[in-house]
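The structure appears below as structure tokens.
Any read-out appearing in this document is the output of simple, stated calculations on the displayed coordinates, not a laboratory observation. Everything quoted here is computed from the prediction, not taken from an experiment. Methodologically, a virtual Cβ is constructed for each residue, glycine included, from the backbone with ideal geometry; neighbour enumeration extends over all protein chains shown.
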Amino acid sequence: MSKNKKKSYQAYDAKSFKPQKEKSPVKAKKHLGQHFLKDETVAQKIGETLTLEGYRNVIEIGPGTGVLTKYLLGRDIDLVAMDLDSESIDYLNNSFPLEHNDVMHRKGSFKVLEGDFLKYDIKQLFGEEQFAITGNFPYNISTQIVFKMLDYKEYIPEFSGMFQKEVAERICESNGSKAYGILSVLVQAFYEAEYLFTVSPQVFDPPPKVQSGVLRLVRKSNQELGVSEKLFKQVVKAAFNQRRKTLRNSLKTFDLSDVLKEDVIFGLRPEQLTVSDFISLTQKIQNDTV
Ligand SMILES: C[S@@+](CC[C@H](N)C(=O)[O-])C[C@H]1O[C@@H](n2cnc3c(N)ncnc32)[C@H](O)[C@@H]1O
């Protein structure tokens, strides 16, 4: 079951990058995870990551000074850009459209919204319609963004954006690797995950301490696991919360029958299981009668 696969990721070549001289129009605030992109090429590449197949509504989380927003606006989409920072919102509502008139060839609608993505009822933004999520995410809440996205997965056919590299890798990793964990299994049960490219700290203002990684998630056509989703999540979390133990030990709280505990799968550690192994493990636990 274990697939020891070492991935090598293509790094974005920052040699051609020429930093801007001008000061950022919004003062970067650490507690909001603000690291503004200075490199237009990277912003454009992120702006092109969504395939837009079968939907046209997009939420950008954390537009900041709009560097990515302006490339999104060049695409044929209806965009809601949501930021928690009132200074960014003021800038986006007032100076941004004037400053970027020359480069922006807006096709669809555009709405700037002040709000906390983690608290916002995002479903009400587009009624019953499907929407994608993208952004250069605030790294302090990036895993929470992914878990919230999973809660709304029936509305979200696609998701792309920039994370701390380590988190992006964790989401995309296959079994057999150290980074493979709860996030990888829960995301990949419902989405095809693709790590796209790496971005170095020097293209941000201020530069973060870590490298960044851009990924794309495309929802699978079949969303039915065939088992209880609640139990599936409980099994995955319990298994990885004690990742050095075999499943026989980490899943003790599930009160398994002696017959089931003898199944070979319970002699394995969680990183050895593929996503489909986790689904069949959940099936076995669901059908188990003590
Ligand atoms: C890494 S910066 C990216 C800014 C801009 N998109 C860029 O690439 O330069 C993250 C942005 O997310 C915003 N942000 C932080 N927490 C947020 C939240 N809970 N909801 C919405 N936006 C948030 C910050 O204010 C900031 O503008």
Order of 72, 225 from fewest to most other C-beta atoms within 10 Å? 225, 72
Residues 243, 219, sorted so that the one with the fewest Cβ neighbours within 10 Å comes first: 243, 219
Additional length obtainable on full extension of the chain from residue 178 to residue 205, 0.36 nm per residue less Cα span: 6.6 nm
Would you calculate, for the chain, the mean residue ellipticity at 222 nm contributed by helices, counting each DSSP H stretch of 4 or more residues as -39,500 (n - 2.57) and dividing by all residues, to the nearest 500? -7500 deg cm²/dmol
Say the cut-off is 22 Å between C-alpha atoms; which of 153/237; 38/148; 237/261; 70/123 go over it? 38/148; 70/123
Any idea how far apart residue 30 and residue 263 come out in nm if each label point goes 7 Å out from Cα toward Cβ? 4.9
Taking neighbour Cβ counts within 10 Å as the exposure measure, how do 99, 271 sort from fewest upward? 99, 271
Does the stretch 115-246 classify as rounded, prolate or oblate by the C-alpha gyration tensor (a ≥ b ≥ c root eigenvalues; a/c under 1.5 gives rounded; else a/b over b/c gives prolate, otherwise oblate)? oblate
Just grab the label-to-label distance for residue 109 and residue 222, each label 7 Å out from Cα along the Cβ direction, in nm (one decimal). 3.7
Please state, rounded to one decimal and in Å, the Kirkwood hydrodynamic radius that the chain gives when every pair of distinct Cα atoms enters the mean of 1/r. 20.4
Restricting the count to DSSP beta bridges whose residues both fall in the chain, what percent are antiparallel, rounded to a multiple of 5? 50
Just to confirm a number: summing +1 for Lys and Arg and -1 for Asp and Glu over residues other than residue 86 whose beta-carbon lies under 13 angstrom from that of residue 86, what do you get? -4
May I ask you to derive the FRET efficiency for residue 147 and residue 283 from their Cβ-Cβ distance with R0 = 25 Å, giving the value to the nearest 0.05? 0.60
How do the peptides 41-50, 228-237, 129-138, 252-261 rank, highest first, by the average count of neighbouring beta carbon atoms within 10 Å per residue? 129-138, 41-50, 228-237, 252-261
By the scheme Lys and Arg +1, Asp and Glu -1, what is the net charge of all other residues having a beta-carbon under 11 Å from that of residue 163? 0
Which FRET efficiency value, to the nearest 0.05, do you get for residue 44 and residue 90 by plugging their Cβ-Cβ distance into 1/(1 + (r/R0)^6) with R0 = 30 Å? 0.75
Computed FRET value (nearest 0.05) for residue 100 with residue 140, which takes r as the C-beta separation and R₀ as 41 Å: 0.90
In debye to the nearest 20, the charge dipole size for the chain, taken about the Cα centre with +1 at each Lys and Arg Cβ and -1 at each Asp and Glu Cβ, equals 1120
